[in-house]
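The values are calculated or read from the model by the stated rules, or taken from the named source; none is laboratory data. Computed from a predicted structure; not experimentally measured. Note that each Cβ is placed from the backbone with ideal geometry, even for glycine, and that neighbours are counted across all protein chains shown.
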Amino acid sequence: MNAVLSFFRKLGPEMLRRTYEHTFLVFFAMAIAVAIALPLGVYLARTRWRRVASAVLGAAGVIQTVPSLALISFIVLLFALVALPTIGTLPALVALVLYALLPILRNTYTGIRQVDPSVVEVATGMGMKPIQILFSVELPLSLPVIMAGIRISTVWTIGIATLCGLIGAGGLGDLILKGLRSIQMDYLVAGTVPAAVLAVTADWLLGRLERWLTPEGIRESHHSREEGE
């Protein structure tokens with residue numbers, strides 16, 4: 001008990017501050033990634049130019065295959081060449097957004113494409129416009145798939161953000177780096193445990209959000225299909 005109290009007296013305030021920085025970094029990276037990938041995924045799913053869709057998805061896939069540390073280093077090098085800040089929040093956000101794009105983009109594209117064409121035809125026959133079909137039919141039906149992509153991206157981003165401490169972006173990575181450099185287990189615990197809790201909590205909250213946003217009929221249909229499998 002005394003050891004726990006001593007730990008929180010020593011690292012409690014810094015752990016809270018670094019957790020706030022980490023959450024701030026992940027939140028804005030995910031907000032930007034969703035703002036880019038969601039409409040782009042919808043466009044690619046509905047466009048007739050399949051080669052364009054394949055090229056964009058392929059480019060996002062290439063970014064995803066680059067090791068996270070190598071991508072951060074590349075962003076720093078690129079920023080140095082164009083005289084932009086090479087340390088701090090900006091290069092970290094760019095790297096995190098690039099890494100978060102693929103699951104959201106791919107799942108949005110897949111979710112829209114897997115909507116039954118007959119359902120879209122019925123909606124068209126009822127006189128609904130394309131934008132109405134998108135928001136009233138396609139997006140609600142594909143929501144579970146899209147949310148799965150957002151959940152995967154969020155968990156990945158929380159983990160990769162710990163590496164952004166290497167370029168002065170703050171967050172829980174700073175505590176982990178201090179622990180590794182000085183071989184102090186308390187710093188490692190103060191960095192890794194909150195990061196793990198953040199990932200689990202974010203996944204749970206997004207799961208609840210998905211359930212709240214999904215219409216009841218679609219949710220029950222999806223649940224029945226899972227039970228049948």
Exercise. Which of the following residues is of a type in the set (A, V, I, L, M, F, W, C) and in a loop (DSSP other than H, G, I, E, B): Ala169, Ala190, Ala202?
Worked result: Ala169
For this session: Among the residues of the stretch 140-166, write down those that are touching a residue at least 24 places away in the same chain (Cβ under 8 Å) and more than 17 Å from Ala100 (Cβ to Cβ).
Result: Pro140, Leu141, Ser142, Leu143, Pro144, Leu166
Exercise. Are any residues in the stretch 38-85 surrounded by fewer than 11 Cβ atoms within 10 Å (Cβ to Cβ) and over 26 Å from Val115 (Cα atoms), and if so, which ones?
Worked result: Val62, Thr65, Pro67, Ala70, Leu81, Val82, Ala83
Seminar exercise, completed: If we ask which residues in the stretch 20-61 are under 17 Å from the mean Cα position of the chain (by Cα) and closer than 30 Å to Gly170 by Cα, their number turns out to be 20
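So how many residues does the stretch 126-152 have that are among the charged types (D, E, K, R) and either closer than 12 Å to Glu210 by Cβ or not in a helix (DSSP H, G or I) (or both)? It would help to see each step written out before you state the result.
Looking only at the stretch 126-152, we keep the residues that are among the charged types (D, E, K, R), and these are 129, 138, 151.
Still in the running and either closer than 12 Å to Glu210 by Cβ or not in a helix (DSSP H, G or I) (or both): 129, 151.
Qualifying residue count, the stretch 126-152: 2.
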For this session: Please find, within the stretch 93-138, the residue that is farthest from Thr65 (Cα to Cα) out of those that are among the small types (Gly, Ala, Ser) and touching a helix residue (DSSP H, G or I) at 6+ places or on another chain (Cβ under 9 Å).
Result: Ala123
Exercise. Could you give every pair whose Cβ atoms fall below 8 Å, whose first residue belongs to the stretch 111-122 and is closer than 16 Å to Ile146 by Cα, and whose second residue is basic (Lys, Arg) and in a helix (DSSP H, G or I), counting only separations of at least 6 or pairs across chains?
Worked result: Ile112/Arg46
Seminar exercise, completed: Sole miss for Arg106 among (1) within 22 Å of Leu139 (Cα to Cα); (2) surrounded by fewer than 20 Cβ atoms within 10 Å (Cβ to Cβ); (3) among the charged types (D, E, K, R) is condition (2)
Seminar exercise, completed: For the stretch 72-108 the number of residues that are over 21 Å from the mean Cα position of the chain (by Cα) and closer than 13 Å to Gly149 by Cβ is 0
Exercise. So Ala35 fits all but one of (1) touching a helix residue (DSSP H, G or I) at 6+ places or on another chain (Cβ under 9 Å); (2) exposed (fewer than 13 other Cβ atoms within 10 Å of the Cβ); (3) free of Cβ contacts under 8 Å to residues at least 60 places away in the same chain; what number is the exception?
Worked result: (1)
Problem set entry | Complete set of residues in the stretch 124-149 that are within 19 Å of the chain's Cα centre (by Cα) and of a type outside the set (A, V, I, L, M, F, W, C) | Ser142, Pro144, Gly149
Exercise. Does Gly111 fit the bill of being in a helix (DSSP H, G or I), touching a Ser or Thr at 6+ places or on another chain (Cβ under 8 Å) and more than 30 Å from Gly171 (Cα to Cα)?
Worked result: yes
Problem set entry | Residue selected from the stretch 161-198 under the condition closer than 20 Å to Pro85 by Cα and under 15 Å from the mean Cα position of the chain (by Cα), by the criterion surrounded by the fewest Cβ atoms within 10 Å (Cβ to Cβ) | Thr162
For this session: Taking the options Ala70, Ala37, name whichever one is in contact with a Lys or Arg (Cβ under 9 Å, 6 or more places away or on another chain), of a type in the set (A, V, I, L, M, F, W, C) and at pLDDT 90 or above.
Result: Ala37
